[in-house]
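All of the numbers you see were taken from the coordinates with simple rules; none came from a lab. Quick caveat: nothing in here was measured; it's all calculated off a predicted structure. Note that each Cβ is placed from the backbone with ideal geometry, even for glycine, and that neighbours are counted across all protein chains shown.
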Amino acid sequence: AQKITQTQPGMFVQEKEAVTLDCTYDTSDQSYGLFWYKQPSSGEMIFLIYQGSYDEQNATEGRYSLNFQKARKSANLVISASQLGDSAMYFCAMREGPNSGNTPLVFGKGTRLSVIA
Amino acid sequence: NAGVTQTPKFQVLKTGQSMTLQCAQDMNHEYMSWYRQDPGMGLRLIHYSVGAGITDQGEVPNGYNVSRSTTEDFPLRLLSAAPSQTSVYFCASSPFGGGSSYEQYFGPGTRLTVT
């Protein structure tokens with residue numbers, strides 16, 4: 001079974017608008033971490049934001065925020081005030097376990113976001 | 001710090017050839033891993049290591065070997081390349097310790113084509 005599901009293969013958003021990229025996850029661990037990465041057309045993987053399973057507040061990093069709904073097992077990425085440079089692939093990922101600095105990071109299949117001027 | 005480096009950036013192999021993709025990090029990270037990225041498939045884990053001398057298989061290990069003789073280096077070996085191994089390969093590392101907050105740092109990737 002897929003541990004990370006991203007149901008939107010592609011999304012379009014108008015410049016300056018907000019956009020939500022969906023991510024649901026599957027785990028039986030109580031302790032886990034959720035990550036979002038951006039991959040522009042140049043190919044590098046850029047870390048955006050992290051949410052821990054015990055974090056009570058939603059994570060925010062500049063224009064990025066994570067809508068974490070633990071009971072629904074969802075960790076949606078919200079990008080506010082979209083810019084043309086936000087056009088990229090976005091991947092949701094998870095590490096499981098209390099000491100998960102030593103466990104694999106499992107990725108979803110990604111969502112391609114296109115920002116329209 | 002150079003971070004995570006990978007060589008080569010591009011490689012073309014013929015079916016049956018062998019080669020090693022190099023990965024090195026200078027951040028003293030205990031955890032290292034290899035992924036392959038194919039269109040529509042996301043990043044899939046090939047092998048990973050939690051420290052020198054320790055390796056484990058990921059989701060798609062067949063056709064690949066790894067070893068970890070030092071903390072810094074984690075080479076990926078293709079013993080007999082097949083067209084199905086045409087992909088972009090990423091190496092990543094992260095520090096060890098408690099909690100899930102340790103993001104992985106990625107190398108720039110190696111684009112491999114097997115003809």
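Listed from fewest to most Cβ neighbours within 10 Å, the set A:Leu105, B:Leu21 follows the order B:Leu21, A:Leu105. Ordered by the count of other Cβ atoms within 10 Å of each Cβ, fewest first, A:Lys70, A:Lys38 give A:Lys70, A:Lys38. Mean per-residue shielding of peptide A:102-112 is 6, counting Cβ atoms of other chains within 10 Å of each Cβ.
Magnitude of the charge dipole for segment B:27-115, about its Cα centre and with charges confined to Cβ atoms of Lys, Arg (+1) and Asp, Glu (-1), is about 260 debye.
Mind ranking A:110-116, B:61-67 by how tightly packed they are, going by the mean number of other C-beta atoms within 10 angstrom, highest first?
Working: A:110-116: 18.0, B:61-67: 15.7.
Per-residue mean Cβ counts within 10 Å order the peptides as A:110-116, B:61-67.
Cross-link partners of A:Lys109 among aspartates and glutamates, defined as those whose alpha carbon lies under 12 angstrom from its own and excluding same-chain residues fewer than eight positions apart: A:Asp22, B:Asp38. Cross-link partners for A:Lys73 among the lysines, with Cα-Cα distance under 16 Å and sequence neighbours closer than 8 places in the same chain left out: A:Lys3.
Inter-chain neighbour count for A:44-50: the average number of beta-carbon atoms from partner chains within 10 Å of each residue's beta-carbon is 4. Mean per-residue shielding of peptide B:57-63 is 1, counting Cβ atoms of other chains within 10 Å of each Cβ.
Considering only A:Gly33, A:Ser114, B:Phe96, and ranking their Cα positions along the charge dipole of the protein assembly as shown that arises from unit charges at the beta-carbon of Lys, Arg, Asp and Glu, the one farthest toward the positive end is A:Ser114.
When A:Met11, A:Met89 are arranged by Cβ crowding within 10 Å, least crowded first, meaning fewest neighbours, the order is A:Met11, A:Met89. When only the Cβ of Lys, Arg, Asp and Glu is charged (+1, +1, -1, -1), the dipole of the protein assembly as shown relative to its Cα centre reaches about 600 debye.
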